[in-house]
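Worksheet for the structure shown next.
The values are calculated or read from the model by the stated rules, or taken from the named source; none is laboratory data. Predicted, not measured: the structure shown is a model, and the values here were computed from it. Ideal geometry is used to build each Cβ from the backbone, glycine not excepted, and the neighbour counts take in all protein chains shown. Quick note on the areas: whole protein, heavy atoms, side chains included, nothing else; ligands and nucleic acids left out. Shrake-Rupley method; radii C 1.70, N 1.55, O 1.52, S 1.80 Å.
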Amino acid sequence: MKNYTPREIVSELDRYIVGQHQAKRAVAIALRNRWRRQQVPGSLREEITPKNIIMIGPTGVGKTEIARRLAKLAGSPFIKVEVTKYTEVGYVGKDVESMIRDLTEIAVKMMREESTRLVRSKAESLAEERLLDLLLPPVELGLTEPGGSESPLASTREKLRTMLRKGELDHREVELEVPHKTSPSIEIFPIVGNEEFDLREMMSQFLPRRAQKRRVKVPEALLLLTDIEASKLIDGDEVNRQAIGLVEESGIVFLDEIDKICGPESSHGPQISREGVQRDLLPIVEGSQVTTKYGTVRTDHILFIAAGAFSHAKPSDLIPELQGRFPIRVELESLKREEMVRILSEPENALTVQYRALLATEGVDLTFSEDAIAEIASMACEINEQTENIGARRLHTVMERLLDEISFNAPDGGTRKIDLGAKDVRDRLADLVKNQDLSRYIL
């Protein structure tokens, strides 16, 4: 885990997310506490549990983005799940333990990529030798003459190596044997716990591998051979063990729409199932053991970040036991015009930057004036007020409508430099803003 201070974490999040300072502070402290816990000696470390967070705020204000950027910053396995897709035990649907299994899959992929990166150099060297063997099959006479001088075969091999590294053999094709697993025609079927299980994967562990011959160009052959050699150098069991440790110590689960599984007490209807999901979720958040195909995962120190609009319910409608497992609650503010302007111009991945980069691939130099950005923000806020308030996501729909004609005509040539001002924005979007029925369907 990288050693970031809370101030540094907030500063990094500020590069991509506008405002929401309280939420950023909360997640920064939670991440720093993870590092602090790892510095605590002895058995006390196991007693320190993460302080899970509930983010309260309307859609499109940055809840998911804060959690995702936090996980990326920490190098932690991260999964976003919508709790409405889960169902209590005894009903058809996914059980809550599947989120931990999915998180473990992500961690295994992360660790495998990291392990591959560490052995990449050696794997490339071995792949190069194998490719040279395909281009110039070795002979039994060896690479040296009886007198000790270099044989013609060795000299030719070195010339081929030089040509290969310079890319002079990229047009050549070689026949390559690629490992291929036999896969019987067996359909996926559900088993106990409502978890889907692929019998094909289980059977493939016992069936012999067979090689599939392919003719490929030299660059592709080098990549395939590098992957094959890297997989041989990696210890799969060690990767799985490290992945489980990564999930247990650094995993982050983002529970979206948690307000949809809580509500006033009711003796009938879907409320019973909603409370059932909460009660199934409780042991996972509280700390339990989940069996995965890579081993048993303990959830005691996984950080859970829940989020919801809570427009028709409130956090106190959650069952008391679950409330106690989310001691930190932060409220995110609705976005106003000023925040919309900043979202369009300040972040490194701002929408204006993205669209400029996209159109630059067609040779179009697109620029937005300050008053154009202000006008886009104003119209987005106005449409949010007239229809459904979807926060910053409204900027995506407004920008698409604004640049619709430019994006369509960009490949045809014509104007290569386009400067958009406030008048251009008003001319292109005024009718949609005035016609509420039309904007309700289009925007």
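Here is a list of conditions, (1) at pLDDT 85 or above; (2) open to solvent by 70 Å² or more (accessible area, probe 1.4 Å), and residue 3 meets all of them except one; can you say which number that is?
Here residue 3 meets the rest and fails (1).
For the stretch 36-55, which residues satisfy the criterion of being exposed (fewer than 15 other Cβ atoms within 10 Å of the Cβ) and assigned to a helix (DSSP H, G or I)?
Matches in the stretch 36-55: 36, 38, 39, 44, 45, 46, 47.
Anything in the stretch 29-62 that is under 20 Å from the mean Cα position of the chain (by Cα) and modelled with pLDDT under 85? List them, or say none.
Matches in the stretch 29-62: 59, 60, 61, 62.
Here is a list of conditions, (1) under 23 Å from residue 300 (Cβ atoms); (2) modelled with pLDDT of 85 or more; (3) not hydroxyl-bearing (Ser, Thr, Tyr), and residue 69 meets all of them except one; can you say which number that is?
Of (1) under 23 Å from residue 300 (Cβ atoms); (2) modelled with pLDDT of 85 or more; (3) not hydroxyl-bearing (Ser, Thr, Tyr), only one is false for residue 69: (1).
Considering only residues that are out of contact with any Lys or Arg (no Cβ under 8 Å at 6 or more places or on another chain) and open to solvent by 40 Å² or more (accessible area, probe 1.4 Å), which ones fall in the stretch 342-368?
342, 345, 346, 349, 353, 354, 356, 357, 358, 360, 361, 362
State all residues of the stretch 413-440 that are at pLDDT below 80 and either within 16 Å of residue 352 (Cβ to Cβ) or assigned to a helix (DSSP H, G or I) (or both); if no residue qualifies, say none.
Taking the stretch 413-440 and keeping what is at pLDDT below 80, we get 413-416, 430-440.
Once the filter is applied, which keeps residues that are at pLDDT below 80 and either within 16 Å of residue 352 (Cβ to Cβ) or assigned to a helix (DSSP H, G or I) (or both), the stretch 413-440 yields 430, 431, 432, 433, 434, 436, 437, 438, 439, 440.
Counting just the residues of the stretch 6-20 that are closer than 16 Å to residue 343 by Cα, of a type outside the set (S, T, N, Q) and assigned to a helix (DSSP H, G or I), which one comes out least open to solvent (accessible area, probe 1.4 Å)? Explain how you work it out, then say what you get.
Within the stretch 6-20, the subset closer than 16 Å to residue 343 by Cα is 11-20.
Still in the list and also of a type outside the set (S, T, N, Q): 12-19.
With the extra rule that they be assigned to a helix (DSSP H, G or I), the set shrinks to 12-14.
On the way: 12: 55, 13: 2, 14: 79 Å².
Within the stretch 6-20, the match that is least open to solvent (accessible area, probe 1.4 Å) is 13.
Would it be correct to say that residue 25 is part of a helix (DSSP H, G or I) and either more than 21 Å from residue 333 (Cα to Cα) or acidic (Asp, Glu) (or both)?
Values: part of a helix (DSSP H, G or I): yes; either more than 21 Å from residue 333 (Cα to Cα) or acidic (Asp, Glu) (or both): no.
For residue 25, the condition - part of a helix (DSSP H, G or I) and either more than 21 Å from residue 333 (Cα to Cα) or acidic (Asp, Glu) (or both) - is not met.
What pairs come up if the first residue lies in the stretch 392-415 and is within 24 Å of residue 61 (Cβ to Cβ), the second is outside any helix (DSSP H, G or I) and at pLDDT below 85, and their beta carbons are under 6 Å apart, counting only those six or more places apart or on different chains?
Qualifying pairs under 6 Å: 392/60; 392/335; 393/60; 397/443.
Among the residues that make up the stretch 381-390, is at least one of them within 25 Å of the chain's Cα centre (by Cα) and open to solvent by 40 Å² or more (accessible area, probe 1.4 Å)? Working first, answer last.
First, the residues of the stretch 381-390 that are within 25 Å of the chain's Cα centre (by Cα): 390.
Pick out the ones that are also open to solvent by 40 Å² or more (accessible area, probe 1.4 Å) and you get 390.
Within the stretch 381-390, one or more residues are within 25 Å of the chain's Cα centre (by Cα) and open to solvent by 40 Å² or more (accessible area, probe 1.4 Å).
Report yes if residue 92 is at pLDDT 85 or above and not in a helix (DSSP H, G or I), otherwise no. Steps first, answer last, please.
Details: at pLDDT 85 or above: no; not in a helix (DSSP H, G or I): yes.
No, not satisfied.
Say we look at the stretch 233-265 and pick out the residues that are in contact with a Ser or Thr (Cβ under 6 Å, 6 or more places away or on another chain) and crowded, with 19+ Cβ neighbours inside 10 Å; which of these is nearest to residue 305 (Cα to Cα)?
Step one: filter the stretch 233-265 for residues in contact with a Ser or Thr (Cβ under 6 Å, 6 or more places away or on another chain), giving 234, 239, 247, 250, 252, 257, 260.
Adding the requirement that they be crowded, with 19+ Cβ neighbours inside 10 Å leaves 239, 247, 250, 252.
Numbers: 239: 27, 247: 15, 250: 13, 252: 7 Å.
Ranking the qualifying residues of the stretch 233-265, first place goes to 252.
Report whether or not residue 219 is modelled with pLDDT under 85, closer than 26 Å to residue 126 by Cα, open to solvent by less than 70 Å² (accessible area, probe 1.4 Å) and of a type outside the set (Asp, Glu). Lay out the reasoning, then the answer.
Working: modelled with pLDDT under 85: yes; closer than 26 Å to residue 126 by Cα: yes; open to solvent by less than 70 Å² (accessible area, probe 1.4 Å): yes; of a type outside the set (Asp, Glu): yes.
So residue 219 fits the description; yes.
Go through (1) more than 21 Å from residue 328 (Cα to Cα); (2) open to solvent by 20 Å² or more (accessible area, probe 1.4 Å); (3) out of contact with any Leu (no Cβ under 6 Å at 6 or more places or on another chain); (4) modelled with pLDDT of 85 or more and name the single condition residue 119 misses.
So the condition that residue 119 fails would be (3).
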